[in-house]
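Q: Sending over a structure as structure tokens; questions will come in a sec.
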Amino acid sequence: MHVIVTGAASGIGRGTALRLGRRMKVTVADRDGEGARRVAAEIEAAGGQALGVEVDVTSREAVFAMVESARRAFGPVDALFANAGVNRRNPVDQITEADWDLMMATHVKGVFLCCQAVLGEMVERGQGAIVNTASDFAIMGVAGNAAYTAAKAAIYSLTKSLACEFTPRGIRVNAIGPGPIDTPILASGRSVEQHAATLQKFTNTLPLGRMGQPEDVAIVVDFLLSDRASYISGQILHPNGGQLMW
């Protein structure tokens, strides 16, 4: 089995790539090429097979080149975890056009391109599994982060449409909606003090009483990409400590 994981140099992507590396060949893809190669080396040191690849998911050329490199290394792509993401937190009146475009290009276009690049061969074989990273905020919304939440909501809608189109052809497509996970993206744009306060706030308010860790999400992705989830498609699962219940 061969899986591509994007945004895999750190955080949820890294944690998931390491977990999947126990049972699958992993193409570790990230715009941080050196980081991707470090994670690939970790997987290999643990006895797995991995390839670290630099990719800009906003570029069709780069995405298709990354997938071709993955195929040359490990053969057909059986699974995809489209996880690359960035964040810019600002009130609506301070969101720049550049930041809005970055959110949409990275999250929505990035997921679309990665899915498009692997779906053809999955259809030919009549099997495959895809998981896209959305967010709790795709359902909840949140003040001060409208561009990010809009992009994540679009990913969920895209996931459902992909599932409608491709599940009859043997490809399951699902999304995850993580809640508060202690990753670099949570710290981005915050001072050390602000980050500490954010961690404490979630610890105090989450029903489970603790911050999520990348492994908490990796377990869910591993499940969705496995045969154990063979009757699940078009869904969003929320590893979120109880932040969102619906």
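Q: Identify the single condition in (1) under 30 Å from Phe64 (Cα atoms); (2) surrounded by fewer than 22 Cβ atoms within 10 Å (Cβ to Cβ) that Gly177 does not satisfy, given that it satisfies every other one.
A: (2)
Q: Would you call Leu80 more than 22 Å from Arg172 (Cβ to Cβ) and crowded, with 17+ Cβ neighbours inside 10 Å? Even if it seems obvious, please write down each step before you answer.
A: Details: more than 22 Å from Arg172 (Cβ to Cβ): no; crowded, with 17+ Cβ neighbours inside 10 Å: yes.
Against the criterion (more than 22 Å from Arg172 (Cβ to Cβ) and crowded, with 17+ Cβ neighbours inside 10 Å), Leu80 does not qualify.
Q: Specify the residue that is farthest from Ala175 (Cα to Cα); the eligible residues are those in region 211-221 that are over 14 Å from the mean Cα position of the chain (by Cα) and either in a helix (DSSP H, G or I) or without any contact (Cβ under 8 Å) to a residue 60 or more places away in the chain (or both). If you could, list the steps in order and put the result at the bottom.
A: Let us first name the residues in region 211-221 that are over 14 Å from the mean Cα position of the chain (by Cα), namely 211-213.
Imposing the further condition that a residue be either in a helix (DSSP H, G or I) or without any contact (Cβ under 8 Å) to a residue 60 or more places away in the chain (or both) reduces the set to 211-212.
On the way: Met211: 21, Gly212: 18 Å.
Filtering first and then ranking leaves Met211.
Q: With the structure loaded, tell me whether Glu42 is surrounded by fewer than 24 Cβ atoms within 10 Å (Cβ to Cβ), touching a helix residue (DSSP H, G or I) at 6+ places or on another chain (Cβ under 8 Å) and either over 16 Å from Phe112 (Cα atoms) or free of Cβ contacts under 8 Å to residues at least 12 places away in the same chain (or both) or whether it fails that test. Working first, answer last.
A: On the way: surrounded by fewer than 24 Cβ atoms within 10 Å (Cβ to Cβ): yes; touching a helix residue (DSSP H, G or I) at 6+ places or on another chain (Cβ under 8 Å): yes; either over 16 Å from Phe112 (Cα atoms) or free of Cβ contacts under 8 Å to residues at least 12 places away in the same chain (or both): yes.
Answer is yes for this residue.
Q: For region 133-156, how many residues are free of Cβ contacts under 8 Å to residues at least 12 places away in the same chain and either closer than 20 Å to Ala79 by Cα or touching a strand residue (DSSP E or B) at 6+ places or on another chain (Cβ under 9 Å) (or both)?
A: Here the count works out to 0.
Q: Pairs, please: C-beta under 7 Å, at least 6 apart or cross-chain, first residue at pLDDT 95 or above and in region 226-241, second of a type in the set (D, E, K, R) and part of a loop (DSSP other than H, G, I, E, B)?
A: Going by the 7 Å Cβ cut-off, the qualifying pairs are His238/Asp136.
Q: Taking region 20-31, which residues are surrounded by fewer than 24 Cβ atoms within 10 Å (Cβ to Cβ) and under 14 Å from the mean Cα position of the chain (by Cα)?
A: Result: Arg31, single match.
Q: Among the residues of region 53-80, which ones are under 13 Å from Met122 (Cβ atoms) and of a type in the set (Lys, Arg)?
A: Correct list: Arg71 only.
Q: While we're on this one: Please specify each residue of region 163-179 satisfying the condition of being more than 30 Å from Thr205 (Cβ to Cβ), under 16 Å from the mean Cα position of the chain (by Cα) and not charged (D, E, K, R).
A: Val173
Q: Just to check your reading of the model, which residue among Pro184, Pro239 is touching a Gly at 6+ places or on another chain (Cβ under 6 Å) and of a type outside the set (Lys, Arg)?
A: Numbers: Pro239 fails: touching a Gly at 6+ places or on another chain (Cβ under 6 Å).
After ruling out the rest, the residue left standing is Pro184.
Q: For Ser233, work out the one condition from (1) touching a Lys or Arg at 6+ places or on another chain (Cβ under 6 Å); (2) part of a helix (DSSP H, G or I) it doesn't fulfil.
A: (2)
Q: Suppose the filter is in a helix (DSSP H, G or I), among the small types (Gly, Ala, Ser) and free of Cβ contacts under 8 Å to residues at least 24 places away in the same chain; does Ser69 pass it? Give the derivation first.
A: Working: in a helix (DSSP H, G or I): yes; among the small types (Gly, Ala, Ser): yes; free of Cβ contacts under 8 Å to residues at least 24 places away in the same chain: no.
Criteria not met by Ser69.
Q: Cβ-Cβ distance below 8 Å, separation of 6 or more or different chains: which pairs start in region 116-129 with a residue that is in contact (Cβ under 8 Å) with a residue 60 or more places away in the chain and end on one that is among the charged types (D, E, K, R)?
A: Final answer for the pair search is Ala129/Asp78; Ala129/Arg172.
Q: Follow-up. Only strands (runs of 3 or more DSSP E) wholly contained in region 1-55 count here; list those with 1 or more residues that are over 24 Å from Val220 (Cβ atoms). Full working, then the answer.
A: Values: elements: 2-6, 25-30, 50-54.
Result: 50-54.
Q: Right, here's the next one. In region 183-210, what count of residues is obtained for those that are more than 30 Å from Gly128 (Cα to Cα), within 22 Å of the chain's Cα centre (by Cα) and modelled with pLDDT of 80 or more?
A: 1
The values are calculated or read from the model by the stated rules, or taken from the named source; none is laboratory data. This structure is a prediction, so every number in the text was calculated from the model and none was measured. Every residue, glycine as well, gets a Cβ built from its backbone with ideal geometry; the counts of neighbours run over all protein chains shown.
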